[in-house]
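> My structure is below; once you've seen it, I'll send some questions.
The values are calculated or read from the model by the stated rules, or taken from the named source; none is laboratory data. All figures in this text were calculated on a predicted structure; none of them were measured in a lab. Cβ placement follows ideal geometry from the backbone for every residue including glycine, while neighbour counts extend to all protein chains displayed.
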2 protein chains.
Amino acid sequence: MAEQKKMVEEITSMDEDFAKWYTDVVKKAELCEYTSIKGCIVLRPYGYAIWENIQKIMDGMFKASGHENVCMPMFIPESLLEKEKDHVAGFAPEVAWVTHGGSEKLEERLCVRPTSETLFCEHYKSVVQSYRDLPKLYNQWVSVVRWEKTTRPFLRTREFWWQEGHTIHATAQEAQEETIKMLNIYADFCENVLAIPVVKGVKTEKERFAGAENTYTIEALMHDGKALQSGTSHYFGDGFARAFQIQFTDKDNKLKYPFQTSWGSSTRLIGAIIMAHGDNNGLVLPPKIAPIQTVVVPIAYHKPGVLEKADEITERLSKICRVKCDKTDNTPGWKFAEYEMKGVPLRLEIGPKDIEKNQCVIVRRDNREKIFVSLDELEAKIPELLNAVHDALYANALERREKMTYTAHSFEELKDIADNKPGFIKAMWCGDRACEDRLKEEAGVTSRCIPFEQSEISDKCVCCGKPAKKMLYWGKAY
Amino acid sequence: MAEQKKMVEEITSMDEDFAKWYTDVVKKAELCEYTSIKGCIVLRPYGYAIWENIQKIMDGMFKASGHENVCMPMFIPESLLEKEKDHVAGFAPEVAWVTHGGSEKLEERLCVRPTSETLFCEHYKSVVQSYRDLPKLYNQWVSVVRWEKTTRPFLRTREFWWQEGHTIHATAQEAQEETIKMLNIYADFCENVLAIPVVKGVKTEKERFAGAENTYTIEALMHDGKALQSGTSHYFGDGFARAFQIQFTDKDNKLKYPFQTSWGSSTRLIGAIIMAHGDNNGLVLPPKIAPIQTVVVPIAYHKPGVLEKADEITERLSKICRVKCDKTDNTPGWKFAEYEMKGVPLRLEIGPKDIEKNQCVIVRRDNREKIFVSLDELEAKIPELLNAVHDALYANALERREKMTYTAHSFEELKDIADNKPGFIKAMWCGDRACEDRLKEEAGVTSRCIPFEQSEISDKCVCCGKPAKKMLYWGKAY
């Protein structure tokens, strides 16, 4: 097992340096690679396969809830970006500007989309005339660009891949319902597909999306106690419609402004998977999005019958899960370490002695449990074990989050927790921006959300002591 | 049927003005919409659904032949684009340049990828060291930008969506085989999925991709007799590897340059579908990529039992094809015209009299044939009819192409055909660029390809009369 030790030693331990552990995992598991442009990454086959699995499942959920895919151009003319004033103020400082086409200077600068509200508005204006044209429930899978100063693979890259949903409705109520519906789909996806528990809530005004009347969020807690915003859903009211002069003739024959939403989730989710489930041996992938769900490793494969049996098992498993048989001449120890690093949920070992007994050894990636399984029971056992891994990942992440969620009754207590105990801090808030700013400056935490599930810790703001009605989650965040 | 007439009249007839017929179909079938940036289009739900179906099937073919998806950044630093001199000469005049990130001027200009050879080369350089790392068989589904002067929906847009495959191999032979293999996959896809017959061949040096040693192509013939290049596959030799200093240690322990290919097909294919199969009533979609394969139209739907029966049939059909039931209050005539416009392969009509007889009426989009089908036989009949539509589309397109393929023995004959008979022209060529240039200038045709299937028309070049060994396809092209 010398090779295994060697490979494992190549990753920095989580406790020693979490940030370095993260980048080690990203590189060694071959998820992505840097390029010569800061903050622009290459999604390598293994990382892209995870993204494809995320897309496939999430896209199915969008379509099942009545949404259609479209695709907008990647460029936004400067004058179009400027039409909604809050929106442009939020995004203009970080967009990439195209100024030339070939050798000619463009008459108007174009930015590469940082998000596409303005493009959807321009399109709605041309295709929405009557209540019969509403609602439009659109989504697109594209990459967007934000020229960030500080970057990190998957968590904050200058170009990132995402889906952005954009919908337009005849009534405010319908648009509000859509906003919540999509937040619930995100939460459902994180919990039931990625095995990551999330807190659902609404952002404070300070943390709202530029141009939104309300921003809803799901917040997940990472291994190091930092929060990761994992999906957001925005309600725009009729603000964009008024700015872009989008109107429709309603059933009562009156011209009205429609109501809009948008919602997005991105390749950040891959960062969430790494940091919610990973360990000191590398990635631990939730089975539903793992590119390889079971890896078959033949033991003493030069012995007669071993490779044939491994092939036979692989062929059988290919009908019930994503399976790969590693028949390279690397040692079993090397292979064990390699697929642990890559987070493959189940490893199936098959050698001459196993064949004699008509069995195989299955090792779970999450808890290393070793299980002897009769070859006759594989079709029943593998799906069961994949489900068990999913459930255990979720239970562990939930237990960790609960252990790392603290309650603060006073500013001093909050600052003490923030300084010494990584995690979520629940505390009351009066609603004033000044208190939010002070907690940021003096305790280094930001408001993550006003959770839907409220609990009254006290009746006073943790910061100023004034009456408070809302409990907030605070924390340090990616 | 007043509404039907009205809708149909809205499209210009093909014979009257083919270009206007094309843009009418694109708009009325709601495939795409213009934006305020010339040459940048919105892919609307119906157009995007066609693209999704193309992607799904083609991606399956790529994966089945051992390819993996990745994703490169959208930006290429100017110095990276310039590394291969032929390549930069071909693309630099038509790229969009990013010069600013937010308010800061970038140290180096970045172009938005017009194609990604240079990005793949930079990546190979970091991940290819040994023969064990080869081959890499990569593909990506992205959009690219070329700042064209003349634009047209799907056929030539400044931003277009495509897949670009990029592979790297230890030997020239393996790379050459890959180039041909992928050309064959494109041809297979066009013929067996899109029902469009293609001519396979190699481009002349003049028409080669910038930086390639050889470019292979599939050429399809449109309704108006113009050719459409529908997919290309390039062999690069080791030219890019030398320019980018990509080397690997081979089995004999020597440092060598690897060999590369790239191959691409794009949303142009949607243009090909429109112009190869469409008619004066609108789109005619090949069943395999049609977003709706069967539309169910209830007749006299206010009569008892009709809607229930339509729902029941729709539910049954949803298990065997992509089906939609139109229960809106539009008239049947309006619906007939609407789904003809949208090219839906089969229309199923069900009314009170049909229900009495336990039957329905199925109308084929391609030839308008009306078929009475027992409701007990739907599951057998619908797939059979979808296949029949596919086969008929292919046979018609092939017959038309054969009728529109002419043979020229002299320059005068070629010019006469070019002036008067739209289509392919087969003629001999000596191999000189000067003759190619003269045919372009004086007869307005370009060389489409040197077809794999050669036939010797004469032993003299159609242009200069010198000895000629190759037969070429010439034509006017999109």
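> Exactly one condition in (1) more than 10 Å from chain B (Cβ to nearest Cβ); (2) surrounded by fewer than 22 Cβ atoms within 10 Å (Cβ to Cβ) is not met by A:Tyr124; state its number.
For A:Tyr124, the failing item is (2).
> Let me ask another. Looking at this structure, is A:Tyr48 away from every other protein chain (no Cβ under 11 Å) and crowded, with 22+ Cβ neighbours inside 10 Å?
no
> What number of residues within the stretch A:64-87 satisfy the criterion of being assigned to a helix (DSSP H, G or I), in contact (Cβ under 8 Å) with a residue 24 or more places away in the chain and more than 7 Å from chain B (Cβ to nearest Cβ)?
First pass over the stretch A:64-87, keeping only residues assigned to a helix (DSSP H, G or I): A:64, A:78-81, A:85-87.
Those still in the list that are in contact (Cβ under 8 Å) with a residue 24 or more places away in the chain too: A:78-81, A:85-87.
Within this subset, residues satisfying the condition of being more than 7 Å from chain B (Cβ to nearest Cβ) are A:78-79, A:81, A:85-87.
Qualifying residue count, the stretch A:64-87: 6.
> Further question: Just one of the numbered conditions (1) in contact with a strand residue (DSSP E or B) (Cβ under 6 Å, 6 or more places away or on another chain); (2) closer than 19 Å to B:Asp311 by Cα is not true of B:Glu377; which one?
Going through the list (1) in contact with a strand residue (DSSP E or B) (Cβ under 6 Å, 6 or more places away or on another chain); (2) closer than 19 Å to B:Asp311 by Cα, B:Glu377 breaks only (1).
> Condition check: within 11 Å of chain A (Cβ to nearest Cβ), closer than 30 Å to B:Asn280 by Cα and surrounded by 20 or more Cβ atoms within 10 Å (Cβ to Cβ). Does B:Tyr34 satisfy that? Spell out the reasoning first.
Working: within 11 Å of chain A (Cβ to nearest Cβ): yes; closer than 30 Å to B:Asn280 by Cα: yes; surrounded by 20 or more Cβ atoms within 10 Å (Cβ to Cβ): no.
For B:Tyr34, the condition - within 11 Å of chain A (Cβ to nearest Cβ), closer than 30 Å to B:Asn280 by Cα and surrounded by 20 or more Cβ atoms within 10 Å (Cβ to Cβ) - is not met.
> Looking only at the stretch A:88-106, filter to residues that are within 10 Å of chain B (Cβ to nearest Cβ) and aliphatic (A, V, I, L, M); which one of those is farthest from the chain's Cα centre (by Cα)?
Checked the stretch A:88-106; the qualifying residue farthest from the chain's Cα centre (by Cα) is A:Leu106.
> Okay, moving on. Looking at this structure, is A:Ile196 in contact (Cβ under 8 Å) with a residue 12 or more places away in the chain and touching a strand residue (DSSP E or B) at 6+ places or on another chain (Cβ under 6 Å)?
Here the answer is yes, as A:Ile196 does meet what is asked.
> So which of A:Phe240, A:Phe236 is assigned to a helix (DSSP H, G or I) and closer than 21 Å to A:Leu183 by Cβ?
A:Phe240
> Same structure, new question: Name, by its number, the condition in (1) touching a residue at least 40 places away in the same chain (Cβ under 8 Å); (2) under 30 Å from A:Asp391 (Cβ atoms); (3) hydrophobic (A, V, I, L, M, F, W, C) that does not hold for A:Ala175.
All conditions are met except number (2).
> A:Tyr131: more than 11 Å from chain B (Cβ to nearest Cβ) and of a type in the set (Phe, Trp, Tyr), yes or no? Step through it out loud before you land on a result.
Details: more than 11 Å from chain B (Cβ to nearest Cβ): yes; of a type in the set (Phe, Trp, Tyr): yes.
Yes: the conditions hold for A:Tyr131.
> Also, quick follow-up: Looking at (1) within 28 Å of the chain's Cα centre (by Cα); (2) within 20 Å of A:Met404 (Cβ to Cβ), find the lone condition where A:Asp437 falls short.
It is condition (2) that A:Asp437 fails.
> Residue under question is A:Gly165, and the condition is that it be of a type in the set (Gly, Ala, Ser), on the phi > 0 side of the Ramachandran plot and touching a strand residue (DSSP E or B) at 6+ places or on another chain (Cβ under 8 Å); does it hold?
Answer is no for this residue.
> Looking only at the stretch A:407-421, how many residues end up being surrounded by fewer than 19 Cβ atoms within 10 Å (Cβ to Cβ) and in a loop (DSSP other than H, G, I, E, B)?
Here the count works out to 3.
> List, please: which pairs have Cβ atoms under 7 Å, are six or more places apart or on different chains, and start with a residue in the stretch B:107-119 that is away from chain A (no Cβ under 11 Å) and end with one that is acidic (Asp, Glu) and surrounded by fewer than 24 Cβ atoms within 10 Å (Cβ to Cβ)?
Close Cβ pairs satisfying both conditions: B:Thr115/B:Glu164.
> Name the residue, out of A:Ala220, A:Ala212, that is part of a strand (DSSP E or B), out of contact with any Asp or Glu (no Cβ under 8 Å at 6 or more places or on another chain), outside the structural domain of A:Asn420 (by TED's automatic domain parsing) and closer than 20 Å to A:Trp162 by Cα.
Going through A:Ala220, A:Ala212 in turn, the sole match is A:Ala220.
> For the list (1) on the phi < 0 side of the Ramachandran plot; (2) touching a Pro at 6+ places or on another chain (Cβ under 6 Å), I need the number of the one condition that B:Gly264 fails.
The one condition B:Gly264 does not meet is (2).
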